[in-house]
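The structure appears right after this line, and notes come after that.
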Amino acid sequence: MIHAMRFKPLILAFPFALAACVGQPSERATNAPRPADNTAVTASLEKPETRQCLADLGATGASFSPLPDRYYGAGCKTVNSVQLSRVGGDMGQLQVTNLKSVACPLASAFASWARFGVDRAARQVLGSPLARIETMGSYSCRNVAGTGRLSAHSRAEAVDVGAFVLADGRRISVKNGWNASKEEREFLRVIHRSACKRFGTVLGPDYNAAHHDHLHLELGSGSFCR
């Protein structure tokens, strides 16, 4: 596993599986990826953009493993991706759950948001540091609901975040906290606005019923924040 500032280009990747994402079961991929092999990982790491992204991600204080490029058909793929387990915070690493395959550029944006947008907001608004971010995963071979267009999840370029666990044990979920106490509402809206500055598309409970229990964070050149 890679730790901050200790990037090694020939590291073995762990076997990985499909990340669980929201959506109807019929929209999810049914073909499980094969275990990673050293040759495939090495080939992926030979790309300059991959090596640079991994170095930048390591510099944030994150712990992760690089994964081989995979193509699943129907336009679904995981290229330049990592398995992300922890990101850097102001007071130490923060655990991240269920990010088994996420595009490296998205992982870097996510790591910065976790530290500067979420961890600091937790201390300022809720009075406790952040300990863990619970996600619903990234990669899922499916279309955007109600359309024939592939979702960013089909490229591991989107993450769905469901809840945040504080160092004092409190768990703030998007589903239960969006309209809960004043502090929880403020915290979730602060981090939502912060995400809008770092991601191309950010969708939350105010967007539609499909996002009532998570924040959808997606790479992209545009700016769509709801």
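The values are calculated or read from the model by the stated rules, or taken from the named source; none is laboratory data. Because the structure is predicted, anything quoted here is derived from the model rather than measured. Don't worry about glycine lacking a Cβ; one is built from the backbone with ideal geometry, like all the others, and counts go over all protein chains shown. The accessibility values were calculated without ligands, DNA or RNA, using every heavy atom of the protein model including side chains. Shrake-Rupley method; radii C 1.70, N 1.55, O 1.52, S 1.80 Å.
Worth pointing out:
- Checked against the criteria, residue 161 counts as in a strand (DSSP E or B), under 21 Å from residue 94 (Cα atoms) and touching a helix residue (DSSP H, G or I) at 6+ places or on another chain (Cβ under 9 Å).
- Among the residues making up the stretch 164-181, those that are assigned to a helix (DSSP H, G or I) and in contact with a helix residue (DSSP H, G or I) (Cβ under 9 Å, 6 or more places away or on another chain) are 174, 176, 177.
- Residue check, residue 86 more than 22 Å from residue 163 (Cβ to Cβ) and either modelled with pLDDT under 95 or open to solvent by 50 Å² or more (accessible area, probe 1.4 Å) (or both): no
- Unique match (being open to solvent by 30 Å² or more (accessible area, probe 1.4 Å), touching a strand residue (DSSP E or B) at 6+ places or on another chain (Cβ under 8 Å) and closer than 13 Å to residue 110 by Cα) among 150, 215, 219: 219
Per-residue answers, yes or no, for (1) in contact with a Ser or Thr (Cβ under 7 Å, 6 or more places away or on another chain); (2) of a type in the set (Gly, Ala, Ser); (3) on the phi > 0 side of the Ramachandran plot:
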| residue | (1), (2), (3) |
| --- | --- |
| 145 | no, yes, no |
| 153 | yes, no, no |
| 159 | yes, no, no |
| 162 | yes, yes, no |
| 169 | no, yes, yes |
| 184 | no, no, no |
| 187 | no, no, no |
| 191 | no, no, no |
| 195 | no, yes, no |
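- Options 61, 88: the member that is small (Gly, Ala, Ser) and outside any strand (DSSP E or B): 61
- Residue within the stretch 133-143 that is in contact with a Lys or Arg (Cβ under 7 Å, 6 or more places away or on another chain), at pLDDT below 95 and surrounded by 20 or more Cβ atoms within 10 Å (Cβ to Cβ) present: yes
- Within the stretch 182-203, restricting attention to residues that are part of a loop (DSSP other than H, G, I, E, B) and within 15 Å of residue 121 (Cβ to Cβ), the residue that is most open to solvent (accessible area, probe 1.4 Å) is 197.
- Tally of residues being open to solvent by less than 20 Å² (accessible area, probe 1.4 Å), part of a helix (DSSP H, G or I) and within 16 Å of residue 168 (Cβ to Cβ) across the stretch 93-132: 5
- Selection of the stretch 63-106 for residues being of a type in the set (S, T, N, Q), out of contact with any Asp or Glu (no Cβ under 6 Å at 6 or more places or on another chain) and on the phi < 0 side of the Ramachandran plot yields 63, 65, 78, 81, 83, 85, 93, 95, 101.
- In the stretch 47-83, the residues that are farther than 29 Å from residue 148 by Cβ, of a type outside the set (A, V, I, L, M) and open to solvent by 30 Å² or more (accessible area, probe 1.4 Å): 47, 48, 49, 51, 52, 56, 60, 83
- Checking each residue in the stretch 153-181 for being loosely packed, with under 14 Cβ neighbours inside 10 Å and among the hydroxyl-bearing types (Ser, Thr, Tyr) picks out only 181.
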